[in-house]
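The values are calculated or read from the model by the stated rules, or taken from the named source; none is laboratory data. Bear in mind that the values here come from a model prediction, so they are computed numbers and not experimental data. Every residue, glycine as well, gets a Cβ built from its backbone with ideal geometry; the counts of neighbours run over all protein chains shown. The area values use the complete protein model at the heavy-atom level, side chains included, leaving out ligands, DNA and RNA. Shrake-Rupley method; radii C 1.70, N 1.55, O 1.52, S 1.80 Å.
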Amino acid sequence: QLQASGGGLVQAGGSLRLSCTASGRALSSYDMAWFRQGPGKERNWVAFINWSGRGINYAESVKGRFTIARDSAKNTLYLYMDTLKPEGTAVYYCAAKVHDTLGDYSQVTFYNYWGQGTQVTVSS
């Protein structure tokens, strides 16, 4: 079970840190990602980090503003979000998949496990 937290209400230009923890499983062998789903929209990929932490990629819309990181000792995935924009208002989800096969990590179907989501609201 993944548990996402850290969302909230922030003004445009502000920052937030999201966290995703796991109970009952060690995340060190999982590829992980953050997705977001705005009101009435599809769930879209935001950032990816592979099991080792050495493979990282971001959606173009967040490059340079968001940072994904993982702390194996704390069994936690993070998303540091800076310079937030109103279009970033969404429910943010963490996702995980055991690192065993290659695939398109930007796709929802790549992942086996999902957190419950945490709401981020960016006011203009």
- Residue list for the stretch 14-60, filter: open to solvent by 50 Å² or more (accessible area, probe 1.4 Å) and over 25 Å from residue 100 (Cβ atoms): 15, 17, 37, 39, 40, 41, 42, 60
- Per-region count, the stretch 1-38, residues of a type in the set (Gly, Ala, Ser) and modelled with pLDDT of 95 or more: 12
- Just checking, how many residues over the stretch 72-105 are more than 18 Å from residue 2 (Cβ to Cβ) and among the small types (Gly, Ala, Ser)? 2
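If I filter the stretch 1-13 down to residues being over 13 Å from residue 96 (Cα atoms) and among the hydrophobic types (A, V, I, L, M, F, W, C), which single residue comes out as surrounded by the most Cβ atoms within 10 Å (Cβ to Cβ)?
Going through the stretch 1-13, the residues over 13 Å from residue 96 (Cα atoms) turn out to be 5-13.
Checking which are among the hydrophobic types (A, V, I, L, M, F, W, C) leaves us with 9-10, 12.
On the way: 9: 12, 10: 17, 12: 13.
The residue in question is 10.
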- Task: Report, ordered by the first and then the second residue, all pairs with beta carbons closer than 9 Å, sequence separation of six or more or different chains, a first member in the stretch 1-16 that is hydroxyl-bearing (Ser, Thr, Tyr), and a second member that is open to solvent by 50 Å² or more (accessible area, probe 1.4 Å).
- Result: 5/21; 15/80; 15/82; 15/83
- Item | Selection from the stretch 67-124 of residues that are free of Cβ contacts under 8 Å to residues at least 24 places away in the same chain, assigned to a strand (DSSP E or B) and either acidic (Asp, Glu) or open to solvent by less than 20 Å² (accessible area, probe 1.4 Å) (or both) | 71
